[in-house]
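This is the structure I want to talk about, given as structure tokens.
What follows is calculated from the coordinates using simple rules that are stated; it is not laboratory data. Because the structure is predicted, anything quoted here is derived from the model rather than measured. Note: ideal-geometry Cβ built from the backbone for every residue, glycine included; neighbour counts use all protein chains shown.
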């Protein structure tokens, strides 16, 4: 099969995406597929094309995830031009030549439904959920509104944080709370504010980011994540950061967090969190695969936080670990995602 892996792009999660794409590309090549890896933002700018693209080695630099998110202005400057387009030259033409596009993208213009909609219009099959489910899941506020009547989720409000609104918000919001952008991933821009000083800092940082911000009730408990693959919940995984919480650095630096899979929780807890993950998956109209994040309290109650429609596939990512616990190795996981995605596209999902 001729497969184009799209990765990178112009998102704070760019480096994570490149690492995911590199692993997916190498795994699928080992399984006998013709596979090319392309950066969504750079496209064919300075890259090989045609057969040479499919034979090009995966750059070692793609495989490593730096401790800090990339400076996107520096990324834009490397391509030249005005940098306004999120899509590099030749991307869609190369997509149209592939049998399927494997989306190893994370965050904006990758996980938010826009690239899915463009590929739908081009008639090019791709992996993961369709454009509508992807867009809904990317918006934490809309997601919580849709699922709040079916699963437990921390109380929240969504606000536009500006320098002028910080004082008013400080006056009425009582810590502890979680402050996070409405549509970011990899815990970028997420703050746990346990007192007023931390709340002020979190709001000031949110004002710099701009856009809407979710301010969510802080729930004390264990961080449990559950992947859904082909309509079934995989074994859960518990995240235990060695310091702080499971932020960007702890997610992608080897050894920064303990990841226990299957999670050491009672069987009834495992069933409850699996049911909750499937409920969210189905409510949002998702397909093929996703990963849902929960806090499970001391009495076994799962509180839904968010769901990722294109979860990471890096060396430290969680979905491959959960799949392995279910007896599915990495290469088989990638192939399964492709086959189930082709079925979903034929069904109009």
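Specify the angular offset, from 0 to 90 degrees and rounded to the nearest 10, of the alpha carbon long axis of helix 196-209 from the longest principal axis of the alpha carbons in the chain.
That works out to roughly 30 degrees.
What's the Cα-based Rg to Rh of the chain, Rh via Kirkwood? Don't skip to the end; give the middle numbers.
Details: Rg = 19.7 Å, Rh = 20.6 Å.
Reported Rg/Rh (Cα atoms, Kirkwood Rh): 0.96.
If you don't mind, there's one more thing I want to ask. Using label points projected 7 Å from each Cα along Cα→Cβ, tell me how many nm separate residue 167 and residue 197, to one decimal.
The two pseudo-label positions are separated by 2.2 nm.
Percent of alpha carbon pairs in region 162-239 separated by more than 17 Å? Walk me through the numbers on the way to the answer.
On the way: 1570 of 3003 pairs.
So the pairs more than 17 Å apart make up 52 percent of the total in region 162-239.
Assuming 0.890 mPa s and 25 °C, estimate D for region 2-126 with Stokes-Einstein, Rh taken as the Kirkwood radius over Cα pairs, in µm²/s.
170
Would you mind pulling out the separation of the Cα centroids of region 122-200 and region 53-120, in Å?
So the two Cα centres are separated by 25 Å.
Among 267, 55, 36, which one shows the highest mean-square fluctuation when the chain is modelled as a Gaussian network with alpha-carbon springs under 10 Å?
Per the Cα network of the chain with a 10 Å cutoff, 267 tops the list.
Between residue 132 and residue 282, take the C-beta separation as r, use R0 = 22 Å, and let me know the FRET efficiency to the nearest 0.05.
On the way: r = 14 Å, r/R0 = 0.62.
E between residue 132 and residue 282, to the nearest 0.05, is 0.95.
OK, next. Which of 52, 148, 323 moves the most in a Gaussian network model of the chain with Cα springs under 10 Å?
52
PRE reach from residue 30 (point 7 Å along Cα→Cβ): which of region 324-349 fall under 18 Å by backbone N?
In region 324-349, the label zone of residue 30 (backbone N under 18 Å from the point 7 Å along Cα→Cβ) covers 324-338.
Also: Suppose the chain between residue 66 and residue 141 were pulled fully straight at 0.36 nm per residue; how much longer would it get relative to their current alpha carbon spacing? Kindly include the intermediate steps, with their values, before the conclusion.
Working: separation 75, 0.36 × 75 = 27.00 nm, distance 2.93 nm.
Contour length minus the Cα-Cα distance gives 24.1 nm.
Helix-only mean residue ellipticity at 222 nm, the chain, DSSP H runs n ≥ 4 weighted -39,500 (n - 2.57), per residue, nearest 500. What is it? Can you show the working numbers first?
On the way: 14 runs with 134 residues, N = 349.
Mean residue ellipticity, 222 nm, calculated: -11000 deg cm²/dmol.
Go ahead and set up a Gaussian network model of the chain, Cα springs under 10 Å, then flag whichever of 227, 47, 257 fluctuates most.
47
Right, another one. Counting other beta carbons within 10 Å of each Cβ, put 336, 309, 94, 314 in order, fewest first. Kindly include the intermediate steps, with their values, before the conclusion.
Details: 336 16, 309 29, 94 22, 314 25.
Ascending Cβ contact count within 10 Å gives the list 336, 94, 314, 309.
Multiply the residue separation of residue 158 and residue 48 by 0.36 nm, subtract the distance between their alpha-carbon atoms, and state the gained length in nm to one decimal. Let's see the in-between values first.
Numbers: separation 110, 0.36 × 110 = 39.60 nm, distance 4.46 nm.
Extra length available between residue 158 and residue 48 comes to 35.1 nm.
Quick one: length gained pulling residue 212 to residue 148 fully straight, 0.36 nm per residue minus the C-alpha distance?
21.1 nm
How much FRET efficiency would the formula 1/(1 + (r/R0)^6) give for residue 297 and residue 2, where r is the Cβ-Cβ distance and R0 is 51 Å, rounded to 0.05?
Numbers: r = 48 Å, r/R0 = 0.94.
In this case the efficiency is close to 0.60.
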